[in-house]
Amino acid sequence: MKNVFSRLTFLTLFTTLTSSAPHLARAWDYEGHRAVNQLALAALPKDFPAFVRVPEAAERIAFLGGEADRWRNMGDDLPLSHSNGPDHYFDLEQLEDFGLTPQTVPLLRYDFTAKLALARAAHPEKFPAIDPLKNKDHTRELVGFAPWAITEYCGKLRSGFSYLKAFQNYGGTPEEIANAQANIIYIMGVMGHYVADGAQPLHVTHHHHGWVGANPRRYTTNSGFHAWIDGGFFRKTGGIQAEPLARRIRPARIVGDPLQADGLFRQIMAYLLETQKSVEPLYQLDQKGKLSADNADHQAGREFLEAQLVRGGQMLGDLWFSAWQQATEDKYLIRNLTERKAARGEKK
């Protein structure tokens, strides 16, 4: 009975905390995000840049898995909430209301935002009224930007590897090389947060805080369900151990076709669509008591959620590896470094 009470208390508490904000709860707690980044590190090949593997860097990358949620702790900072909040989710079912599909959404974030606004203006009857008191950060009009956030971070990481190579090969100072490496570590860690979000089924659906709308199968409608999946269930059943999960990780592979402008974006979208297939099975596990800590047969629930953590870690490792492999030459920096070397030579 003690565990039953604990879960009910947990859900009741988070019902109160999340009822006014659709995506307030995190996708995985810090332990989950940390584990996903650690699993991604396990996917990297031996010839991946060694500076990433040193213990201090690996710990930094793991720690940064929680960074984007730390930004969300500043709920009263409306510009930060407005820009950061929607990057954590993507309510796929809502695309239909805007006349879009996962295959037709545009590659560029602001093109997508414009389409949302135009659809609302053309057919206001399709969309429920938004309570301004619950929309201070002006995000209720949106369906989320997760695939764009992940794609954009991949671009930042490719850029990081590009200018690191330039500094290494064309006369960068030790300080410049060290700073470039530190930037790469930071980007790797932070982008891991959004990739991990994409593996949490409740972050790719409008059923994110309990089932909404028609509910013939009577799935839970408790908004605390989200927070329970993020970490409450894991905490009550032994926590998360990344090392055993790392045995399921295969070596990283290339993601995205560099010859196609939207090749990477479409594969990231496919990753989110695959996660969406787990939404209803997750609710079914809850309905059967497999996500209850007091149920002796809760192992099925753990295995389901652990598999999602592994999916996130695998995808993240693939994206890191791809950014490293596909980084092009930073021609602008190379030109400047070459000119700097020549100028120094003339002075000598």
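Helices assigned as whole DSSP H runs in the chain whose Cα atoms extend at least 18 Å along their own long axis and whose mean Kyte-Doolittle hydropathy is -1.0 or higher are found at 2-18, 30-43, 109-122, 146-169, 174-197, 263-276, 299-326. Stretching ALA307 away from ALA261 to a fully extended chain increases their span by 13.5 nm, per 0.36 nm per residue minus the current alpha-carbon distance. Along each principal axis, taking the top coordinate minus the bottom one, the Cα set of the stretch 152-284 gives 65, 38, 26 Å in descending order. If the segment from ALA129 to ARG70 were pulled out straight at 0.36 nm per residue, it would be longer than the present Cα-Cα gap by 18.2 nm. Short-range pairs are left out: with C-alpha atoms under 8 Å and at least six residues apart, the relative contact order of the stretch 141-195 is 47 percent. Holding the Cα-Cα limit at 21 Å, pick out from LYS165/LYS341; LYS236/LYS288; LYS156/LYS277; LYS156/LYS331; LYS46/LYS165 the pairs that are longer than that. Table pairs above 21 Å Cα-Cα are LYS156/LYS277.
Sequence-distant contacts, meaning Cα pairs under 8 Å at least 6 residues apart, place the relative contact order of the chain at 31 percent.
For the stretch 129-203, the share of alpha carbon pairs falling in successive 10 Å distance bins from zero is 17, 31, 25, 16, 9, 2 percent. Mean-square fluctuation check for the chain, GNM, Cα pairs under 10 Å: which of GLN314, GLN284, GLN103 is largest? Looking only at GLN314, GLN284, GLN103, the largest GNM fluctuation is found for GLN103.
Using C-alpha pairs below 8 Å separated by at least 6 residues, the relative contact order for the stretch 195-285 is 37 percent.
In this Cβ point-charge picture (+1 for Lys and Arg, -1 for Asp and Glu), the chain has a dipole of about 620 debye about its Cα centre. Considering the options GLN103, ALA43, TRP228, tell which one lies farthest towards the positive end of the dipole of the chain, charges being +1 on Lys and Arg and -1 on Asp and Glu at the Cβ, about the Cα centre. The listed residue farthest towards the positive side: ALA43. Scan [x] 0.98; [y] 1.07; [z] 0.94 for the value of Cα Rg over 2.2 N^0.38 Å calculated from this model and give just the label. Structure-derived value, by its label: [y]. Secondary-structure-derived ellipticity at 222 nm for the chain, considering helices only, amounts to -18000 deg cm²/dmol, per-run term -39500 (n - 2.57) for DSSP H runs with n ≥ 4.
Distance in nm between label sites at LYS277 and ASN179, each 7 Å beyond Cα in the beta-carbon direction? Each label point lies 7 Å from its Cα, and together they span 4.6 nm.
No lab work stands behind these numbers, since they all come straight from the coordinates. The structure presented is a predicted model; accordingly, all values stated were derived computationally and were not measured. Cβ sites come from the backbone with ideal geometry, for glycine too, and all protein chains shown count toward neighbours.
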